[in-house]
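Enquirer: What follows is a structure written as structure tokens; I'll ask about it next.
The values are calculated or read from the model by the stated rules, or taken from the named source; none is laboratory data. All values derive from a computational prediction rather than experimental measurement. Ideal geometry is used to build each Cβ from the backbone, glycine not excepted, and the neighbour counts take in all protein chains shown.
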Amino acid sequence: MTARNIFGAIIILIGLDLFLRAIGVTYIPSIDVLWPVILILIGLVSWRANPHMFAWPLLLVALGVIFLLENLNVLTENAWNYVWPAFIIVIGLQVLFHRQNNHMQDHVGTGERVSATFAGHNEKVQGTFTHGQVSATFGGAKYDLRDATIADAATLEVTALFGGVEILVPRDVNVHLRITPMLGGAENKAESNPGATKTLTITGTATFGGVDVKN
């Protein structure tokens, strides 16, 4: 840990102490009260690792603050009454700044196994494509299949956990999107040529995250 990180952690602790005193908490809460701080730290670390991907880290920080305030008896209502508005706001930010991962460099590869964790990744797939995996955990991934030769009945497994996955496909394939959303979403905006006969089946989950398919 660098001196800068230590100094930053000290400032955070001082600010947290002042915040607790300001809301009338003069004792040191136990771990069952302070556990939401873990969410806040994960969100901050995720944002620091990739500043362009700020929407989902922001949601983690917001969730941490909401649950912390509930544990400290500051909120008079159930914390989940505040979670949904926070989630909707983050979805809106994600839509507004959807092109944020365009700042990342392309990585040319086979696309067999792609992972973006606390960061962003642009995968440009080339060659014959039959099967691949892509995951985004507290980060963002762009998976570009437009220059690949997609085999018929090709498959792609996707996992979006507090992150987003953007999939770009050519127009010579028909996309079958079979993503299971869990407080997340998936949308297929890709258009196929009238004579397209090959199929690409995309399966997986979107948990507090999103999957977007387009041309």
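Enquirer: Would you check which residues across segment 108-166 are among the basic types (Lys, Arg) and part of a strand (DSSP E or B) and list them?
Expert: Answer for segment 108-166, where residues must be among the basic types (Lys, Arg) and part of a strand (DSSP E or B): Arg113, Lys124, Lys142.
Enquirer: Determine whether segment 4-18 contains at least one residue that is of a type in the set (Val, Ile, Thr) and modelled with pLDDT under 70.
Expert: Yes, the conditions are met somewhere in segment 4-18.
Enquirer: Next question. Filtering segment 43-64 down to residues that are modelled with pLDDT of 70 or more and surrounded by fewer than 18 Cβ atoms within 10 Å (Cβ to Cβ), which residue is nearest to Thr117 (Cα to Cα)?
Expert: My answer is Val45.
Enquirer: Now, a different point. Could you list all residues from segment 188-215 that are surrounded by 13 or more Cβ atoms within 10 Å (Cβ to Cβ), within 23 Å of the chain's Cα centre (by Cα) and not polar (S, T, N, Q)?
Expert: The answer is Ala190, Ile202, Gly204, Ala206, Phe208, Gly209, Gly210, Val211, Asp212, Val213, Lys214.
Enquirer: Inside segment 124-144, can you point out the residues that are buried (at least 23 other Cβ atoms within 10 Å of the Cβ) and closer than 30 Å to Leu39 by Cα?
Expert: Listed by number, the residues that qualify are Val134, Ala136, Phe138, Gly139, Gly140, Ala141, Lys142, Tyr143.
Enquirer: Another question about this same structure. How many of the residues making up segment 87-128 are at pLDDT 75 or above and closer than 29 Å to Glu157 by Cβ?
Expert: First pass over segment 87-128, keeping only residues at pLDDT 75 or above: 87-89, 107-117, 120-128.
Filter again for closer than 29 Å to Glu157 by Cβ, leaving 87-88, 107-117, 120-128.
Of the residues in that region, 22 qualify.
Enquirer: A further question on this structure: Could you give every pair whose Cβ atoms fall below 8 Å, whose first residue belongs to segment 188-207 and is without any contact (Cβ under 8 Å) to a residue 24 or more places away in the chain, and whose second residue is among the β-branched types (Val, Ile, Thr) and surrounded by 14 or more Cβ atoms within 10 Å (Cβ to Cβ), counting only separations of at least 6 or pairs across chains?
Expert: Filtered contacts from segment 188-207: Ser192/Val173; Ser192/Val175.
Enquirer: Another question about this same structure. For segment 150-176, which residues satisfy the criterion of being in contact with a Pro (Cβ under 9 Å, 6 or more places away or on another chain) and over 27 Å from Leu44 (Cα atoms)?
Expert: Ile150
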